[in-house]
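The structure appears below as structure tokens.
The values are calculated or read from the model by the stated rules, or taken from the named source; none is laboratory data. As the structure is a computational prediction, the values presented were derived from the model and not from experiment. For neighbour counting, all protein chains shown are included, and Cβ atoms are generated from backbone atoms with ideal geometry for every residue, glycine included.
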Amino acid sequence: MRLFVRGDIDGFFGLALDNLILLLVLSALCRYVLGFPEELVVGRILPGAAVSLLVGNLYYAWQALQLARAENRRDVCALPYGLNAVTVFTFVFLVMLPAKLAATAAGAADPARIAWQAGLLACFSCGAIELIGSTIVDRIRRATPRAALLSTLAGLALAFISLGFLFRAYATPVVGLTTLAVILLGYFGRVKFRGGLPVGLVAVALGTALAWGTGLAPVGPAPGAPQLALPLPVIGDLLASFRGDFLLSYFAIILPMGLFIVAGSMQNLESAEAAGDKFAARPSLAVNGIGSIAAAAFGSCFPTTLYIGHPGWKAMGARAGYSALSGIFIALLCFTGTIAHVAWAMPVEAGMAILLWIGIVMTAQAFQATPRHHAPAVVIGILPGLATWGAIMAKSGLRAAGIGSPEHALGADIVPGFLQGDVHITGAFALEQGVVFTAMILSAMTVAVIERQFVRAAVWCGIAAAVSATGLMHGYQYTPADTVLQLQPAWPWVWAYALMALVFVSARWLTVEDDSAGHA
């Protein structure tokens, strides 16, 4: 297999754009929410993130080439890899912002530096959790039905990729729908553009031209002259972050995020295997963890993860080169200070149709790569992701209306208003916390029931009760602007799952087989 093929150009646009969006988002959050100085963002955080992206993407490209040689194939696609969107927002609002406010209240000389150090600790710790998780992930994968692993990804892909970018496409229809037509034509229509032009290149070029023609581009004022920002280790600040008060204050945030990344990586490996590329789990997760540790060592507060979307990138013809090219491209943007210039000239709308397509393919795979009679389990596994998206949309709407602001904090007083509209919003808040675990367990439980393995279904209920008892699922608390996980037993759900287990165990004596009933 060659390092670069034509399909790698298409894959590069999708993966690079995804990471570029997150880099711009975290830059804005660091500047305007945390008040970090420009030299910290441009000189430390962005180069640190680029180091992790470069190391990881080069490794996963090499890993794909090694698998291709070992199996004598030319169609191996590298695992997609990049920044973790969930942890970006979580670490900004639930780790670094509280750390800065506490430091300011205590009269610290440099609250921004203390907040940055808290972020370094969180990033490093997530990497360490993934390194540890890499030693046991294979055993968990073998015990979990494929429908449970893939449906979890499908729900998140459908909610946070497909729906989000579909909204954006219809908000800017001239650019969004025209480029979507190009993507549908090239990938679902299975045709090639004359002259051998890659589909992704055509979509992005056309989208950029339409964006400039319709006023979407350029985006904001022209950025100033770029400044060289080579990565430098920040070992002193990283060591200073290992403070007892930080660990006590933010353990309840860091541990769930680390476990979330491990679970997501495991599901993405299963997705790649279902698409025909079986990568070894231990090194795949270990390098992911090393990438986050490297990010923290060079100044980034944001861990990395294996991305959802491997089947989509593979279907568009990407192999190993798209991963390497994306890592190199992002690193060059961060090291040369030109990331803002690319965002100014090429808006997100120009390439979002590629990401929308990735979400569609991920959702389709959950049905295509699992036994047909497990389809109900796939649907059940998708629902928690959609519920989470709904909860986030509801809270965004509340904040737009002024609820969740310093003047009107978010609290339980919002619930009666939702109930008047027959919206049980507290259920959505409960599903949002630990959504990856909830989706996987519910789907696995359903597979066991479909196969009439009722004791196994009860065991999955027991696992759900145990996880809920740790506070990693369903338990939530109100903050002034959000609902967040609290690491305390979520007793109503603990008892509910225990009762579900009792129902399944009792089925042996209380039910008889009925093959005349309808089946999917």
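Among the residues of the stretch 29-40, those that are within 12 Å of residue 229 (Cα to Cα) and at pLDDT below 95 comprise 38, 39.
Taken over the stretch 1-57, residues that are small (Gly, Ala, Ser) and farther than 20 Å from residue 79 by Cα amount to 5.
Checked against (1) in a helix (DSSP H, G or I); (2) surrounded by 17 or more Cβ atoms within 10 Å (Cβ to Cβ); (3) within 25 Å of the chain's Cα centre (by Cα); (4) of a type in the set (A, V, I, L, M), residue 466 meets all criteria but (2). Of all the residues in the stretch 296-308, those that are within 10 Å of residue 119 (Cβ to Cβ) and not in a loop (DSSP other than H, G, I, E, B) number 1. Total residues in the stretch 316-330 satisfying the condition of being farther than 10 Å from residue 14 by Cα and either polar (S, T, N, Q) or buried (at least 22 other Cβ atoms within 10 Å of the Cβ) (or both): the figure is 10.
When the stretch 154-182 is limited to residues that are among the hydroxyl-bearing types (Ser, Thr, Tyr) and in contact (Cβ under 8 Å) with a residue 60 or more places away in the chain, the one that is nearest to residue 370 (Cα to Cα) turns out to be 162.
Please tell me if residue 161 is surrounded by 18 or more Cβ atoms within 10 Å (Cβ to Cβ), aliphatic (A, V, I, L, M) and modelled with pLDDT under 95. So residue 161 fits the description; yes. Only one entry of 122, 147 meets the criterion of being under 18 Å from the mean Cα position of the chain (by Cα), part of a helix (DSSP H, G or I) and crowded, with 24+ Cβ neighbours inside 10 Å, and that entry is 122. The helices (runs of 4 or more DSSP H) found wholly in the stretch 183-285 and carrying at least 1 residues that are in the same structural domain as residue 320 (by TED's automatic domain parsing) and touching a residue at least 24 places away in the same chain (Cβ under 8 Å) occupy 235-240, 244-274. Residue 128 meets all of the listed conditions (1) over 20 Å from the mean Cα position of the chain (by Cα); (2) assigned by TED's automatic domain parsing to the domain that holds residue 250; (3) surrounded by fewer than 18 Cβ atoms within 10 Å (Cβ to Cβ); (4) assigned to a helix (DSSP H, G or I) but one, namely (1).
Residues that are without any contact (Cβ under 8 Å) to a residue 40 or more places away in the chain, surrounded by 22 or more Cβ atoms within 10 Å (Cβ to Cβ) and touching a helix residue (DSSP H, G or I) at 6+ places or on another chain (Cβ under 8 Å) occur at least once in the stretch 487-504. Of the helices (runs of 4 or more DSSP H) that lie entirely inside the stretch 390-459, those containing 2 or more residues that are of a type in the set (Ser, Thr, Tyr) and either in contact (Cβ under 8 Å) with a residue 40 or more places away in the chain or not assigned by TED's automatic domain parsing to the domain that holds residue 143 (or both) span 435-450. On the given criteria, is residue 142 assigned by TED's automatic domain parsing to the domain that holds residue 262, surrounded by fewer than 18 Cβ atoms within 10 Å (Cβ to Cβ) and out of contact with any helix residue (DSSP H, G or I) (no Cβ under 9 Å at 6 or more places or on another chain)? Yes, satisfied. Checking the condition within 24 Å of the chain's Cα centre (by Cα) and loosely packed, with under 14 Cβ neighbours inside 10 Å, which residue from 427, 421, 417, 475 passes? Only one candidate passes the filter, namely 427.
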